[in-house]
Amino acid sequence: MILVLPACDSVPPGDVRVTMSGGDGTQRGLPDTLFQDGWSVQFTKYLVSLGDFTLTSASGEARESRRHVLVDVQKGDIPLTELTGLPAGRWDVGFRVSPPRDDTELADGQVSTEDLAMMRERGFSYWVEGRAVKAGVGIFDFRMGFPVDARMVDCINGVDGTQGIIVPEGSRADVEVTIHAEHMFYDRLGTHRGVQLRFDAIAATATSDHLITPEGLASQQLTDLKDAQGRELRDAAGQPVVYLPGAHDVRTLQQFVTQSIVDQAHLNGGGVCTVAK
């Protein structure tokens, strides 16, 4: 007698949809309760240039979307890309934050061609505009850009703390690249612990009409922080304001903030990625 066994059904593949979000920080702003020196910040524009989303399986198989986009996360969550027909299982996640390229796409109706050209020319991957307010001090506008170029790899999943993501059988995993705007105002590098959010040193670089620019930030020396009157910058308790660069060789406030936001793009909320050049 011949025993006939039913054929094993193949495991159906899954898909991944990737979106990008700035969360409450970019969309609703940062209240004065978060800042050590009493400022509040509202963004009107938060442009991010990002792409080359990659998934790598445990066996080393790689799937990549070459799409590179310039988006404004201040306006809400943005679809980035989709990867389809993936074997079910765990995949590592990677992507690149870098200045706009020749093939960089604009999110529909969100970003102007003028902003794209400016960021490409100046090498900025982040460009932010908005307003900062402090009671008793005043209202300051800012237009600031930062030249980050970094590959984010080995991302931790902010939902459950595991490595990467799980592609489900015959279904879709929704993945979010989450921008943490508060990194821009950290006062120390190399750690997320013990940081304070500060704005006094940034405000001190403003022009006479209260405008903060990249050139102004570059004029503020970390080892000799000054207030708007050119005196030593001190906090409300009269102590000198100190920024701690850790192991990073940064000399100006512009360089410090640029380094601080290198890893502000996380996976699914708070999942931190490793920075690789």
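The table below lists the values:
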| item | result |
| --- | --- |
| Sole exception among (1) in contact (Cβ under 8 Å) with a residue 40 or more places away in the chain; (2) closer than 22 Å to Ala218 by Cβ for Ala117, by number | (1) |
| Selection within segment 211-244 - part of a helix (DSSP H, G or I) and of a type in the set (Ser, Thr, Tyr) | Ser219, Thr223 |
| Looking only at segment 170-186, and only at residues there that are among the charged types (D, E, K, R) and under 18 Å from Ala265 (Cα atoms), the one that is surrounded by the fewest Cβ atoms within 10 Å (Cβ to Cβ) | Asp174 |
| Subset of segment 40-64 [out of contact with any Leu (no Cβ under 6 Å at 6 or more places or on another chain) and hydroxyl-bearing (Ser, Thr, Tyr)] | Ser40, Thr44, Tyr46, Thr54, Thr56, Ser57, Ser59 |
| Strands (runs of 3 or more DSSP E) enclosed by segment 33-128 - at least 2 residues per element that are within 30 Å of Asp235 (Cα to Cα) | 40-57 |
| Tally, over segment 70-99, of residues that are small (Gly, Ala, Ser), touching a Phe, Trp or Tyr at 6+ places or on another chain (Cβ under 9 Å) and surrounded by fewer than 20 Cβ atoms within 10 Å (Cβ to Cβ) | 0 |
| Positions within segment 143-167 being out of contact with any Asp or Glu (no Cβ under 9 Å at 6 or more places or on another chain), over 30 Å from Pro214 (Cα atoms) and crowded, with 16+ Cβ neighbours inside 10 Å, in sequence order | Ile156, Asn157 |
| In segment 129-169, residue farthest from the chain's Cα centre (by Cα) [restricted to those that are farther than 14 Å from Ala265 by Cα and among the charged types (D, E, K, R)] | Glu169 |
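Read-outs throughout are calculated quantities, based only on the coordinates presented, and are distinct from any laboratory measurement. Please read these numbers as outputs of a predicted model, since none were measured by experiment. Glycine also receives a Cβ, built like all others from the backbone with ideal geometry; neighbour counts cover every protein chain displayed.
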